[in-house]
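Peer 1: One structure, as structure tokens, below. Some questions next.
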Amino acid sequence: MNLAVNWVWMLTAIVVIAGLGIFCIVTRRNMFRMLMGFTMLTKAVTLAFVTGGTLWGQPGLGQTLAIIVIVIEAAVTAVGLSMIVNIYRHYGAVNTNQIKRLRG
Amino acid sequence: MLIYVLLALMALSAILVIFCRDLLYAVISLGTLSVFTSILFYILGSPFASIMELSIGAGLITILFMATISLVEQPRVGHAKYSGRSSISFFALAAVVATTIWVALSLAEGVPGPAAAASAAALPEVLWGIRLLDVMGLSVVIFTASIGIGVLFRTEGGK
């Protein structure tokens, strides 16, 4: 099996996944979708770290940074989901078009 | 060849996350994206990152999303029209199973042993040496996130 990596295709995939994540964050109004877009964006970043570590001959460093990004992604996703639950409790909606009141 | 197939499947999963109407299907696509990413990490010689991505990205985050969606979404009254979709779902499931078997067989043929072993040996000294400050910051982030979740779910005076 040929496991040689074509870096152009790898970088293209990273850019495509990051672009789809940004597109999801910008165009979708459902907060779940926005959080999924953020998750896709962090996956692209993680892939970029691992690819860069392999490309520059430092797989340990790339792997370490990837692990750090994965853990931070999980923490941010957990906080974001709890915020969505609270927003739903207050407003009864998870669509950002229906959440326009900003009161303390 | 395997890497290109994985990259294409990752892009397809990301597109499905955005354009699936049902949120649960989108979450499943997100988990599938994590699975493909972890396989790619393993091929690139990063076994620990692969394990973390598989357990946290495909496991924990998917379960968190599903639990929250089941908390927030209203239960559906009546059944959706599945009559036209059953054959499409069957073919999609068959394609996923066939792809999984093919990826597993391809991995069994050429496991990236030396690269993965070298990367695994280099990880502890990088993680606990050069990037020790990052690891300490990471523990602070996790602690802060747990406190934040506790504050968000706080109930005041039995309300």
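Peer 1: State the percentage of accessible surface on the stretch A:37-104 attributable to carbon and sulfur atoms; use a 1.4 Å probe and exclude ligands, DNA and RNA.
Peer 2: Heavy-atom surface of the stretch A:37-104 belonging to carbon and sulfur, 1.4 Å probe: 64 percent.
Peer 1: For chain A, what does the relative contact order come out to in percent, with C-alpha contacts under 8 Å and a separation of six or more?
Peer 2: Relative contact order here is 24 percent.
Peer 1: Taking only Cα atoms and a 10 Å spring cutoff, compute GNM fluctuations for chain A and point out the largest among A:G37, A:G57, A:G80.
Peer 2: Comparing A:G37, A:G57, A:G80 in the GNM, the peak value goes to A:G57.
Peer 1: Per residue, what accessible area does the stretch B:6-72 have, given a 1.4 Å probe and all protein chains present, in Å²?
Peer 2: Heavy-atom accessible area per residue stands at 37 Å².
Peer 1: Right, next: Give me a single rounded figure for A:35-48: the average over its residues of other chain Cβ atoms within 10 Å of their Cβ.
Peer 2: Per residue, the number of nearby Cβ atoms from other chains is 5 on average.
Peer 1: Can you tell me the accessible area per residue over chain A, all protein chains present, probe 1.4 angstrom, in square angstrom?
Peer 2: That works out to 47 Å² for each residue.
Peer 1: Put B:W102, A:W56 in order of accessible area, largest first, 1.4 Å probe: what do you get?
Peer 2: Final ranking, largest accessible area leading: A:W56, B:W102.
Peer 1: Set the Förster radius R0 to 45 Å, insert the Cβ-Cβ distance between B:D134 and A:N86 as r into 1/(1 + (r/R0)^6), and round the FRET efficiency to 0.05.
Peer 2: Given R0 = 45 Å and the Cβ-Cβ separation, E is 0.90.
Peer 1: Let me ask something else about it. At the nearest 100 Å², what buried accessible area, both sides summed, do you get for B and A when the probe is 1.4 Å?
Peer 2: Rounded to the nearest hundred, the buried surface is 5100 Å².
Peer 1: Below 8 Å between Cα atoms, with a sequence gap of 6+, how large is the relative contact order for the stretch A:1-55 in percent?
Peer 2: Contact order relative to length: 36 percent.
The values are calculated or read from the model by the stated rules, or taken from the named source; none is laboratory data. Here the structure is a predicted model, which is why all the values come from computation and not from measurement. Reconstructed Cβ throughout: ideal geometry from the backbone, glycine too, with neighbour counts over all protein chains shown. Protein only, heavy atoms only, side chains kept; ligands, DNA and RNA dropped before computing areas. Shrake-Rupley method; radii C 1.70, N 1.55, O 1.52, S 1.80 Å.
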